[in-house]
Amino acid sequence: MIAIKFRAFQDNQMLVSPISSNYGLHRFFGLLYEDATVMQFTGLQDKNGVDIYENDIVNFTRNIGNYQVGKSVPYTTTHEVVWQEDISAFVLKDVGGYIKFRRLDGQYIYEVIGNVHQNQQTNSQS
């Protein structure tokens with residue numbers, strides 16, 4: 001079962017609140033301003049055990065075939081994690097479109113390197 005967790009960006013700071021009951025959820029959201037950005041936990045952790053939330057910037061590593069050396073080599077790209085409403089899933093936003101966000105299965109490796117709210121220089125790379 002995936003834990004339901006949220007965080008929010010408000011007043012130039014990231015707010016994270018443990019939510020163990022509906023009361024905790026209402027209390028957390030009751031403290032936010034209208035212009036706060038709320039982000040949901042994706043249910044995944046990166047290779048370092050860091051929770052991945054929407055609006056995080058992640059390095060996405062997968063093995064691709066290198067025909068010159070005759071074996072697979074790791075290939076890493078940087079993406080923003082976003083919610084794609086029409087397919088009801090978290091996806092990796094890329095310049096060329098969307099890549100389906102998959103669970104960690106040993107084939108793909110994720111690493112959180114920042115988020116769009118606090119890492120503007122990282123955001124411009126995605």
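At a glance:
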quantity	calculated
Inter-label distance, nm, simple model (7 Å from Cα along the C-beta direction), Asp94/Ile4	3.3 nm
Cα→Cβ-extended label distance, 7 Å offset, between Asn12 and Asn63, nm	4.6 nm
Label-point separation, Glu34 to Tyr75 (7 Å along Cα→Cβ), nm	4.7 nm
Peptides ranked, highest mean first, by Cβ atoms within 10 Å: ranges 7-13, 85-91, 51-57, 29-35	51-57, 7-13, 85-91, 29-35
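Every number here is computed from the coordinates shown, using simple stated rules; none is lab data. Quick caveat, the model's predicted, so the values are computed rather than measured. Positions of Cβ are backbone-derived with ideal geometry, glycine not excepted, and every protein chain shown enters the neighbour counts.
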